[in-house]
Protein chains: 2
Amino acid sequence: MPSMWRLYQFPLCPFSRKIRLLMGEKQIAYDMVREDPWAASDMFYNLNPAGRTPVLVDAEREIVLSDSRAISEYFEETVDKAPMINGTVANRAEIRRLVALFDENFYADVTAPLLSERMKKRIVLRQPPDSRALREAMKMAHGHLDYMDYLIDNRPWLAGSQMSLADLAAAAQISVADYLGGIDWKGHEQTRGWYSVFKSRPSFRPLLTERMEVIQPPAHYAQIDI
Amino acid sequence: MPSMWRLYQFPLCPFSRKIRLLMGEKQIAYDMVREDPWAASDMFYNLNPAGRTPVLVDAEREIVLSDSRAISEYFEETVDKAPMINGTVANRAEIRRLVALFDENFYADVTAPLLSERMKKRIVLRQPPDSRALREAMKMAHGHLDYMDYLIDNRPWLAGSQMSLADLAAAAQISVADYLGGIDWKGHEQTRGWYSVFKSRPSFRPLLTERMEVIQPPAHYAQIDI
């Protein structure tokens, strides 16, 4: 069966990772096209005027989807398997609140500065990272992990009794931050336990084995028992 | 009938304005509590760890909603009147893509710098605005209005044949940018026409008559025929 969906992404895009986890859990087939944020082509801007990954294209059916939350809602509405915006209306509001918290706050506080210092400066600008910005991002990561510890102390999964898009959004951001050496797991046993269960899921495996050129993750990054 | 919902907001919060437009169109009653972004209380952080407006509370039913997209989806799921994430699954994906474009890109490019230069510096920091930052925001606004002109040339409303959350999200951002003098309407006849129809709706009126302390909008701001 030919793959229907084509995903425009780059290996360390946390929003593309969220969609890959979602498609993995829902067992939706796709292939990938590399689209680096610092070299977006005119063709890519035509697909998504926001100029951001992920973008999903089904050329045969002439469907172009962009924005990771719009894509998530689309699959929730069209694919019954593994509902990820699940539960009561209150649960669903809680899932979407947490997705926004990870997509916007965790990303702005932690993932974006790490990508800037350790990816863009390394690959594009060829500058050393700013160690103060790295320390600040790691400090912000601690605050976010404290909040996750608190959630996991009170619920089996981040948003409630079932795995949801909130877990996928959090795992996607954390996986990129961890790849870039921005997560100090000490003192975050609850979140570490949650993340290690997550890392062992089939949907997560392909992400853990990928590398982005010269940037190497720390030794623990791909180990599923840590 | 006592008002059920309490909305935490400040007059120039574009995301609160989007929710007020949505609740207006759906005829959902609410009252408001002022919550300034530079003076968020501990109580407010308890309601929303992201520390952002809007937050909606129904104390009697013990419901706390935050994140403007999560709130929009909640009302879409619970209130039949005036569906704003409407149409086919493809339309709904297009609506959500455009909401993200206005919430994220228009906000970051235009509304956020205007709020920083003309509101925060005026009220909190007591500094003059940076005229280069203002010029840059206005230049970015032109680009976004060009894209809106293009959409409106091809469709009755921004996302398709019906008014949708995309229109509300765009109108909310534009209304704040226009209040702060950041919109030059010259050359944007299509968007100006769309916005003037919008301004005359009952859901929009309460927003146009509000003022935020010492900050005064330009003369055309509240005129519905311009």
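Could you please let me know if A:L115 is outside any loop (DSSP other than H, G, I, E, B) and not assigned by TED's automatic domain parsing to the domain that holds A:G187?
Criteria not met by A:L115.
To keep it simple, each residue is scored yes or no on (1) at negative phi; (2) at pLDDT 95 or above; (3) part of a helix (DSSP H, G or I); (4) open to solvent by less than 10 Å² (accessible area, probe 1.4 Å).
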position	(1), (2), (3), (4)
B:R96	yes, yes, yes, no
B:I123	yes, no, yes, no
B:L145	yes, yes, yes, yes
B:S175	yes, yes, yes, yes
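Residues of region A:72-81 being surrounded by 17 or more Cβ atoms within 10 Å (Cβ to Cβ) and out of contact with any Pro (no Cβ under 9 Å at 6 or more places or on another chain), which ones?
A:S72, A:E73, A:Y74, A:F75
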| said: Being open to solvent by 20 Å² or more (accessible area, probe 1.4 Å), modelled with pLDDT of 95 or more, among the basic types (K, R) and in a loop (DSSP other than H, G, I, E, B) narrows it down to one residue among B:R52, B:R6, B:R69; which is it? | reply: B:R52
| task | Would you tally the residues in region B:42-63 being facing another protein chain (nearest Cβ under 9 Å) and either among the aliphatic types (A, V, I, L, M) or under 16 Å from the mean Cα position of the chain (by Cα) (or both)? | result | 3
| message | Against the condition more than 11 Å from chain B (Cβ to nearest Cβ) and polar (S, T, N, Q), how does A:S161 come out, does it pass? | response | yes
| field | Unmet criterion (only one of (1) more than 15 Å from the chain's Cα centre (by Cα); (2) hydroxyl-bearing (S, T, Y); (3) more than 9 Å from chain A (Cβ to nearest Cβ)) for B:Y179 | value | (1)
| query | In the list A:N105, A:N86, which residue meets the criterion of being open to solvent by less than 60 Å² (accessible area, probe 1.4 Å), touching a residue at least 24 places away in the same chain (Cβ under 8 Å) and part of a loop (DSSP other than H, G, I, E, B)? | reply | A:N86
| request: Report the residue count in region A:127-168 for those that are under 26 Å from A:R201 (Cα atoms) and among the basic types (K, R). | output: 1
| task | Identify all residues within region A:21-32 that are charged (D, E, K, R) and open to solvent by 10 Å² or more (accessible area, probe 1.4 Å); write none if there are none. | result | A:E25, A:D31
| task | Inspect all residues belonging to region A:161-169 and state whether any of them is free of Cβ contacts under 8 Å to residues at least 24 places away in the same chain and not in a helix (DSSP H, G or I). | result | no
| query | Taking A:E35 and the conditions (1) in contact with a strand residue (DSSP E or B) (Cβ under 8 Å, 6 or more places away or on another chain); (2) open to solvent by less than 40 Å² (accessible area, probe 1.4 Å); (3) closer than 23 Å to B:I95 by Cβ, which numbered condition does it fall short on, given that it satisfies the others? | reply | (3)
| Residue match in region B:192-200 (condition: open to solvent by 10 Å² or more (accessible area, probe 1.4 Å), within 22 Å of B:E73 (Cβ to Cβ), part of a loop (DSSP other than H, G, I, E, B) and assigned by TED's automatic domain parsing to the domain that holds B:V110) | no
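The values are calculated or read from the model by the stated rules, or taken from the named source; none is laboratory data. For clarity, every value in this text was computed on a predicted model and none was experimentally measured. Because the Cβ atoms are built from the backbone with ideal geometry, glycine has one as well, and the counts that use them run over all protein chains shown. Just so you know, the surface numbers come from the protein's heavy atoms only, side chains and all, with ligands and any DNA or RNA stripped out. Shrake-Rupley method; radii C 1.70, N 1.55, O 1.52, S 1.80 Å.
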